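*Asks:* Please see the structure below; I have some questions.
The values are calculated or read from the model by the stated rules, or taken from the named source; none is laboratory data. Just so it is clear, the model here is predicted, and its values are computed rather than measured. Cβ coordinates were reconstructed from backbone atoms using ideal geometry, including for glycine residues, and neighbour counts include every protein chain displayed.
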Amino acid sequence: MTPDLSSTPWISSAFSGGPRSSVPVPHFRKEFKLDRAVKTARLHVSALGLYEVEINGKRVGDHVFAPGWTEYHIRVPFQTYEVTALLRQGENAVGALLGDGWYCGFVAWAGRQNYGLKPEFLALLEVEFEDGTIAQVGTDPTWKTSPGPIRGSDLLMGEDYDAREELGDWSLPGYDDSAWQPVVGTFHPDIVLDGMVYPPVRRQEELKATRLLDEPWDLRIYDFGQNFSGRVRIRIRASCGTTIVIRHGEILNPDGSLYTENLRSARATDSYTCKGEEEEFWEPRFTFHGFRYVEVKHLKEDAFFELTGVVLHSDTPVTGMFACSNPLLNQLQHNILWGQKSNFLEVPTDCPQRDERLGWTGDAQVFVRTAAFNMDVRGFFHKWMRDARDSQRPSGGVPAVIPVRNFVGVEDSGPAWADAMIICPWTIYLCYGDKKILEDHYAAMRKYLVFIEQHRSLNHIRSHPEVDAWGGFGDWLALDGSGKVDGATPRDLIGTAFYAYDAKIMSCVADILGHTGDASKFRLLHEEIVNAFRERFVTPEGFLASSTQTAYVLALHFDLLPEKLRPVAARELVRDIEKRNHHIATGFVGTPYILEVLETHGYLDVAYRLLEQETFPSWLFPVKNGATTIWERWDGWTPDKGFQDKGMNSFNHYAYGAVGAWMYRSVAGLELDPQEPGYRHIVFRPRPGGLITWAKAGLETPQGRTEISWKLDGKNLEVEVLVPEGAHATFSPPTGYRGDKVAWGSGRHRLVLESSAN
Ligand code: BGC
């Protein structure tokens, strides 16, 4: 039953920080009496900011950063916890503490207080007694507030804790709160309190650290061996008043010191002041960092000190597995997965470390297919699509980051970015067979397509310079020789290619949802866009107006060329790759599709040469250089130039990890069928190549677990698969082997194919 929270006021402390400075984390408390035996009790909680709640001294729930991040001025989630066991007949107390979080702490480069001045809290406890009567305890002006030991807390800057300021048993009944202050009560009738249930951020795993330097003893560097999002829990014994400072960084300078320049203004620094007890434990509450190394300062030589890395991300369980005979590719897969873990935190962010950490639409669009192989991201994207709807401009434009508030001011983030509005729900539908995500967002997807038609295109050319002077982010971070961050591929070419793709997807979506009028309209629109693309960008011989790898990849991948010109275009793509001595030059936009395009057009060998390339620029170059996540830039670090521009150089950005989908789909050979989405019909299509001698993949699909493994045994290809109950499968043999398509029902199947080489 949905609770009515509209008459419960929000409460806050009287203090608020300023545009750049914060105040200590406020605590709130309230005592109440339950004079009968409790049958059931539920606590509904929300915050503008971040909350942690306690009842009678016990923490409620295990969410981190609840209630989450949304467009707070429009919608804020509330959570409901079953709390019967925490209550007792007689005196009880409920308490909460509030972090600034995204609501009023620093976000990206936008300073503090982007949604409001200070954190606010709302709670309603509903108790049903054994005798059937009901009682409610909600936030109201009788609650009291006090600052406590968290002297400052911010997602980007870090947290400062002074254990000498601890408040004792403040969430137990009978506590002396006579020095606490009254709270301020407010109503926010315009904000929707939304009971949506989606994967919250939780502590996911723990990492051990190695100490790198013994000297000097008051400045220590520790290595967790893995770049990740989270924070450090410490165990310490030191004299009262000792303050240790923990700084976080992704990499080290050549001299072994912590490299933090690429964090820009994110201080990423926590501190703990000891109260001088035998043993003290501490983990920050309302901050996280993106890091692999920490620097710990000011420990005395004789202090006892231990630290543990606490990995945080949205609770999207790992569902996929990929492995093959090339250990470097296995490390690449590991890095892709950890890039995902690090950046799927409330919203799909670009990076977890610097003063950015925003829900960049383009990055999410590029990576969504790979993401759905690695982890169960269905609920995560349901929630983010709801955010997307809230962030969509009244015109229909889709901003660059979601939630957007006022972080990036463009009305429409343009090709390959804004198209996340259409591509993400479509991909979730394909991977999970989830029609609801299409139903929920159809109006917003449609509105975006109409926006492009009416405001961003001229004669079906999207990002036409005459109607759209900016034209989007281009082929972001391409190394195509242009020397520009947005690459050389023309914006109108990228724009029109994605416009065609959008129209095609929308015609399918309209068909699926039974909007037949829309379906035929979008089919026609698609045809017209394809014709306009050909007229403007394709020569009669099959060459494109731009010779970049991305231009050819898009034209081929989105089926924009007449059948007979495709071989010419594919040959041109290969020519560019060969010219670069088998190196990739695509940016965010072309990267996800390049290997698939090569494979489809008869260049599987070239695809493998790119995938297995170890020299710069390539996927394996960072792997060879010790990366544990995916770098933002192909040239994040090179031997001759060192680190890239510190103004934009993350070592934990998942976009280039979009190659992961091809490893599952073609190297291992695990594919879905759009006609029977959600793996109701599985297509096993291993495409052995390169130096790889075996590969395997597994996936928890909505139908159950599926697996494929293959190995080369002399001239034979041995394949084994698992088809889950409720699914059926087709085996599609690779070229070069004797054999036909095979149809399989559920169960394990095995097949040996002979090479047709002789
Ligand atoms: C972000 C990206 C994003 C890009 C857009 C960068 O600052 O980190 O990943 O897509 O801007 O141009």
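*Asks:* Assuming residue 631 fulfils every condition listed in (1) away from the ligand (no atom under 16 Å from the Cβ); (2) at pLDDT 95 or above apart from one, which condition is it?
*Replies:* Tallying (1) away from the ligand (no atom under 16 Å from the Cβ); (2) at pLDDT 95 or above, residue 631 fails exactly one: (1).
*Asks:* Could you grab the pairs with beta carbons closer than 9 Å, sequence gap of 6+ or different chains, first residue in segment 36-59 and in contact (Cβ under 8 Å) with a residue 60 or more places away in the chain and over 23 Å from residue 105 (Cα atoms), second one basic (Lys, Arg) and outside any strand (DSSP E or B)?
*Replies:* 38/88; 56/88
*Asks:* Just a yes or no: is a residue in segment 648-667 under 19 Å from the mean Cα position of the chain (by Cα) and among the basic types (Lys, Arg)?
*Replies:* no
*Asks:* Counting only residues that are part of a loop (DSSP other than H, G, I, E, B), at pLDDT 95 or above and small (Gly, Ala, Ser), how many does segment 8-58 have?
*Replies:* Number of matching residues: 5.
*Asks:* Among (1) within 16 Å of the ligand (Cβ to nearest atom); (2) assigned to a loop (DSSP other than H, G, I, E, B); (3) touching a helix residue (DSSP H, G or I) at 6+ places or on another chain (Cβ under 7 Å), there is one condition residue 464 misses while meeting the rest; what is its number?
*Replies:* All conditions pass for residue 464, except number (1).
*Asks:* Failed condition for residue 328, given (1) in the same structural domain as residue 379 (by TED's automatic domain parsing); (2) within 16 Å of the ligand (Cβ to nearest atom); (3) surrounded by fewer than 18 Cβ atoms within 10 Å (Cβ to Cβ), with all others met?
*Replies:* (2)
So that you can scan it fast, the table gives a plain yes or no per residue for (1) hydrophobic (A, V, I, L, M, F, W, C); (2) within 29 Å of residue 688 (Cα to Cα):
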site	(1), (2)
519	yes, no
524	yes, no
563	no, yes
571	no, yes
583	no, yes
595	yes, yes
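*Asks:* Restricting attention to segment 14-54, which residues are under 22 Å from residue 92 (Cα atoms) and hydroxyl-bearing (Ser, Thr, Tyr)?
*Replies:* Within segment 14-54, 40, 46, 51 qualify.
*Asks:* Taking residue 356 as the residue in question, decide whether it is more than 16 Å from the ligand (Cβ to nearest atom) and under 17 Å from residue 404 (Cα atoms).
*Replies:* For residue 356, the condition - more than 16 Å from the ligand (Cβ to nearest atom) and under 17 Å from residue 404 (Cα atoms) - is not met.
*Asks:* Okay, moving on. With the checklist (1) within 16 Å of the ligand (Cβ to nearest atom); (2) over 24 Å from residue 327 (Cβ atoms) in hand, flag the one item residue 657 doesn't pass.
*Replies:* Of the numbered conditions (1) within 16 Å of the ligand (Cβ to nearest atom); (2) over 24 Å from residue 327 (Cβ atoms), the odd one out for residue 657 is (2).
*Asks:* Just checking: which of the helices (runs of 4 or more DSSP H) contained wholly in segment 365-459 hold 2 or more residues that are at pLDDT 95 or above and within 16 Å of the ligand (Cβ to nearest atom)?
*Replies:* Qualifying helices (runs of 4 or more DSSP H): 378-391, 420-432.
*Asks:* Against the condition within 15 Å of the ligand (Cβ to nearest atom) and touching a helix residue (DSSP H, G or I) at 6+ places or on another chain (Cβ under 9 Å), how does residue 349 come out, does it pass?
*Replies:* yes
*Asks:* Another one. Does residue 224 count as aromatic (Phe, Trp, Tyr), surrounded by 21 or more Cβ atoms within 10 Å (Cβ to Cβ) and either over 21 Å from the mean Cα position of the chain (by Cα) or in a helix (DSSP H, G or I) (or both)?
*Replies:* Criteria met by residue 224.
*Asks:* Applying the selection to segment 223-270, what residues are hydroxyl-bearing (Ser, Thr, Tyr), within 25 Å of residue 636 (Cα to Cα) and touching a residue at least 40 places away in the same chain (Cβ under 8 Å)?
*Replies:* Once the filter is applied, which keeps residues that are hydroxyl-bearing (Ser, Thr, Tyr), within 25 Å of residue 636 (Cα to Cα) and touching a residue at least 40 places away in the same chain (Cβ under 8 Å), segment 223-270 yields 229, 259, 265, 269.
*Asks:* Could you please let me know if residue 607 is modelled with pLDDT of 95 or more and in a helix (DSSP H, G or I)?
*Replies:* When the stated conditions are applied, residue 607 passes them.
*Asks:* Moving on. Please specify each residue of segment 716-725 satisfying the condition of being within 22 Å of residue 675 (Cα to Cα) and over 30 Å from the mean Cα position of the chain (by Cα).
*Replies:* Scanning segment 716-725 gives 721, 725.
*Asks:* It is to be established whether one or more residues within segment 685-700 are within 22 Å of residue 608 (Cβ to Cβ), more than 16 Å from the ligand (Cβ to nearest atom) and free of Cβ contacts under 8 Å to residues at least 24 places away in the same chain.
*Replies:* No, there is no match, as no residue in segment 685-700 is within 22 Å of residue 608 (Cβ to Cβ), more than 16 Å from the ligand (Cβ to nearest atom) and free of Cβ contacts under 8 Å to residues at least 24 places away in the same chain.
*Asks:* Among the residues of segment 232-241, is there at least one that is under 25 Å from residue 342 (Cβ atoms), surrounded by 16 or more Cβ atoms within 10 Å (Cβ to Cβ) and under 24 Å from the mean Cα position of the chain (by Cα)?
*Replies:* Taking every residue of segment 232-241 in turn, at least one turns out to be under 25 Å from residue 342 (Cβ atoms), surrounded by 16 or more Cβ atoms within 10 Å (Cβ to Cβ) and under 24 Å from the mean Cα position of the chain (by Cα).
Residues checked against (1) touching a Lys or Arg at 6+ places or on another chain (Cβ under 7 Å); (2) under 20 Å from residue 320 (Cα atoms); (3) of a type in the set (Lys, Arg):
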site	(1), (2), (3)
341	no, yes, yes
344	no, yes, no
368	no, yes, no
390	yes, no, no
394	no, no, no
398	no, no, no
405	no, no, yes
408	no, no, no
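*Asks:* Would you pick out the residues in segment 482-498 that are farther than 12 Å from residue 464 by Cα, more than 16 Å from the ligand (Cβ to nearest atom) and either part of a helix (DSSP H, G or I) or of a type in the set (D, E, K, R) (or both)?
*Replies:* Listed by number, the list holds a single entry, 497.
*Asks:* Could you figure out which of (1) within 15 Å of the ligand (Cβ to nearest atom); (2) in contact (Cβ under 8 Å) with a residue 40 or more places away in the chain isn't true of residue 506?
*Replies:* Exception for residue 506: condition (1).
*Asks:* Consider residue 61 carefully, then state whether it is closer than 16 Å to residue 403 by Cβ, assigned to a loop (DSSP other than H, G, I, E, B) and either under 32 Å from the mean Cα position of the chain (by Cα) or of a type in the set (Ser, Thr, Tyr) (or both).
*Replies:* no
*Asks:* Only residues in segment 454-476 that are in contact (Cβ under 8 Å) with a residue 24 or more places away in the chain count as the first member; pair them with residues that are more than 16 Å from the ligand (Cβ to nearest atom) and part of a strand (DSSP E or B), Cβ under 6 angstrom, at least 6 apart or cross-chain, and list the lot.
*Replies:* 456/462; 464/458
*Asks:* Please go through segment 452-490 and give me each residue that is farther than 22 Å from residue 530 by Cα, of a type outside the set (A, V, I, L, M) and surrounded by fewer than 16 Cβ atoms within 10 Å (Cβ to Cβ), ordered by number.
*Replies:* 470, 481, 483, 484
*Asks:* I would also like to ask the following. In segment 242-261, which residue that is aliphatic (A, V, I, L, M) and farther than 25 Å from residue 333 by Cα is surrounded by the most Cβ atoms within 10 Å (Cβ to Cβ)?
*Replies:* Checked segment 242-261; the qualifying residue surrounded by the most Cβ atoms within 10 Å (Cβ to Cβ) is 246.
*Asks:* Just to be sure before I move on: is residue 130 among the charged types (D, E, K, R), touching a His at 6+ places or on another chain (Cβ under 8 Å) and over 30 Å from residue 401 (Cβ atoms) in the structure I sent?
*Replies:* no
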